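Heads up, the thing below is written out as structure tokens.
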Amino acid sequence: MKRQHPTEPNLFWCPKCQTYKAREEFNLNQLWCKLCQSVAYKQWAQRNKDRKKEYQAIWTKQHPDNVKKHNQTGYKKHKKERNFKAAKYNKEHPTQVKETMRRNYEKYRDDRLLSSKINHQKRKESLTDVYVKMLLNEQGLAVSLANIELKRTAIQIKRIEREMINELR
């Protein structure tokens, strides 16, 4: 291959970024690497926004019947009607609306609480920075990288100590 590195068989030349890259960084039968292709596509899309709008305007002039149908049954009209009906119903039946809101809140509250407990437990087990910062804030200590590392090691030592005490029992 012309683009292959002279000594490394897995490296190929990307003419766009002027570097050798691994074979995995290229799409099949493509000259540029994936990164260069994505950047080039974004630039192309940015440059051709106006052209796309021009083509849309031409199409709407050529197909006025389709545009009228779309506007007559458009989403905004239905959305306004639906919102109006909902507001009217809310005014006429306030107790029923409150009851359904309460039921929905109870239904989703338990799920949210459970997921927050699970996330807290994960942070606690892995000793993430968020968990350690929370502990430092609760104790009124300054939050800095040094304090975070010290607190993290203190927690690990405390956990090992508990494990050893439990083994002796």
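For segment 133-145, the set of residues classified as closer than 18 Å to HIS120 by Cβ and surrounded by 10 or more Cβ atoms within 10 Å (Cβ to Cβ) consists of LYS133, MET134, LEU135, LEU136, ASN137, listed by residue number. Taken together, ILE148, ILE155 contain a single residue that is touching a Lys or Arg at 6+ places or on another chain (Cβ under 8 Å) and surrounded by 12 or more Cβ atoms within 10 Å (Cβ to Cβ), which is ILE148.
No value in this document is a laboratory result; all are computed from the given coordinates. Worth saying up front: this structure is predicted, and the values here are computed from it rather than measured. Cβ coordinates were reconstructed from backbone atoms using ideal geometry, including for glycine residues, and neighbour counts include every protein chain displayed.
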